[in-house]
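The values are calculated or read from the model by the stated rules, or taken from the named source; none is laboratory data. None of these values were measured; they are calculated from a predicted model. Cβ atoms come from the backbone with ideal geometry, glycine included; neighbour counts cover every protein chain shown. Accessible surface is based on the protein model in full, side chains and every heavy atom, while ligands, DNA and RNA are left aside. Shrake-Rupley method; radii C 1.70, N 1.55, O 1.52, S 1.80 Å.
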Amino acid sequence: MTNISFWRMDKALALAKHAAIKGEVPVGALILSKNRQIIAQAENQMVRSCNPAAHAEILALQKAGQYLGQTRLVGCTLVVTLEPCPMCAAAAMHYRVDRIVFGAYDPKGGGIEHGARIFSHRQSLHHPEIIGGVQEQCCQRMLKTFFLALRKQHSKFLT
C-alpha cells in the first residue's frame with residue numbers, strides 16, 4: 001500500500017519543488033478524499049506569508065475543510081513529503097483524518113514517529129493510520145539539496 005501512484009506522493013513532491021523555487025522549505029501536502037481524489041493541496045508558505053504556522057499540512061487541511069464545508073475530514077488522507085511536526089499532527093488529529101501518509105522521517109522536528117509522538121498518547125483525541133517512508137529517498141534528497149544550497153548561500157555572505 002505504499003505505492004507512489006496510489007498515494008499521489010508524486011503530486012506532493014511537485015508541490016514541494018515549487019515551494020523550494022519560492023525559497024520555502026520544500027514540503028508539499030495534499031488531501032485525498034475517500035475515493036483517493038485530490039480535494040486540496042498546498043505547499044509551505046511561511047516565508048511568503050510571514051506566518052510560521054503556514055505549513056503545507058495546515059493549509060491543505062484548511063482548504064479541504066472549506067471544500068467539504070465541514071470541520072471533520074473523516075475518510076480523508078493527508079499526504080505530505082515530510083513527517084508532520086507536532087503542530088501539524090495535532091491539526092490532523094482535530095480534523096479527524098483517517099490516515100497520514102508521509103515521505104521523509106524528521107528526527108529533529110517530527111511529531112508522529114519522533115519528538116512529541118502526538119498519536120502515541122492515551123489522551124490523543126483520534127488515532128489515524130500512519131504510513132511513513134513513502135518515496136522516502138526522493139523526499140529526503142529534495143530537503144537535503146535545499147538545505148545544502150541554503151548553507152552555501154549563507155556562507156557566501158560570511159566570507
For the stretch 149-159, indicate whether the set of residues that are hydroxyl-bearing (S, T, Y) and more than 16 Å from the chain's Cα centre (by Cα) is non-empty.
yes
Would you point out the residue of the stretch 21-51, among those that are at pLDDT 95 or above and touching a Ser or Thr at 6+ places or on another chain (Cβ under 8 Å), that is most open to solvent (accessible area, probe 1.4 Å)?
I39
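In the stretch 82-103, what residues are of a type in the set (V, I, T) and either over 15 Å from the mean Cα position of the chain (by Cα) or open to solvent by 40 Å² or more (accessible area, probe 1.4 Å) (or both)?
If the condition is that a residue be of a type in the set (V, I, T) and either over 15 Å from the mean Cα position of the chain (by Cα) or open to solvent by 40 Å² or more (accessible area, probe 1.4 Å) (or both), then no residue fits.
Residue-wise test of (1) open to solvent by less than 70 Å² (accessible area, probe 1.4 Å); (2) touching a helix residue (DSSP H, G or I) at 6+ places or on another chain (Cβ under 9 Å).
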{"position": "Y105", "(1), (2)": "no, yes"}
{"position": "G110", "(1), (2)": "yes, yes"}
{"position": "G115", "(1), (2)": "yes, yes"}
{"position": "I118", "(1), (2)": "yes, yes"}
{"position": "R122", "(1), (2)": "no, no"}
{"position": "I130", "(1), (2)": "yes, yes"}
{"position": "V134", "(1), (2)": "yes, yes"}
{"position": "T145", "(1), (2)": "no, yes"}
{"position": "R151", "(1), (2)": "no, no"}
Of all residues making up the stretch 65-81, the number that are open to solvent by less than 30 Å² (accessible area, probe 1.4 Å) and either hydroxyl-bearing (S, T, Y) or under 9 Å from the mean Cα position of the chain (by Cα) (or both)
5
Find the residue count for the stretch 25-44, including only residues that are more than 24 Å from E136 (Cβ to Cβ) and not hydroxyl-bearing (S, T, Y).
4
What pairs can you find where one residue is in the stretch 133-154 and farther than 8 Å from A104 by Cβ, the other is open to solvent by 100 Å² or more (accessible area, probe 1.4 Å), and their Cβ atoms are less than 8 Å apart, with a gap of 6+ or different chains?
M142/K17
Please verify whether the stretch 33-47 includes one or more residues that are of a type in the set (A, V, I, L, M, F, W, C) and out of contact with any strand residue (DSSP E or B) (no Cβ under 8 Å at 6 or more places or on another chain).
yes
Check on E24, in contact with a helix residue (DSSP H, G or I) (Cβ under 6 Å, 6 or more places away or on another chain), among the charged types (D, E, K, R) and part of a helix (DSSP H, G or I)
no
For a quick check of your reading of the model, give me the residue pairs whose first member lies in the stretch 44-68 and is in contact (Cβ under 8 Å) with a residue 40 or more places away in the chain, whose second is surrounded by 20 or more Cβ atoms within 10 Å (Cβ to Cβ) and part of a loop (DSSP other than H, G, I, E, B), with beta-carbon atoms closer than 8 Å and at least 6 apart or on different chains.
A56/V27; A56/N44
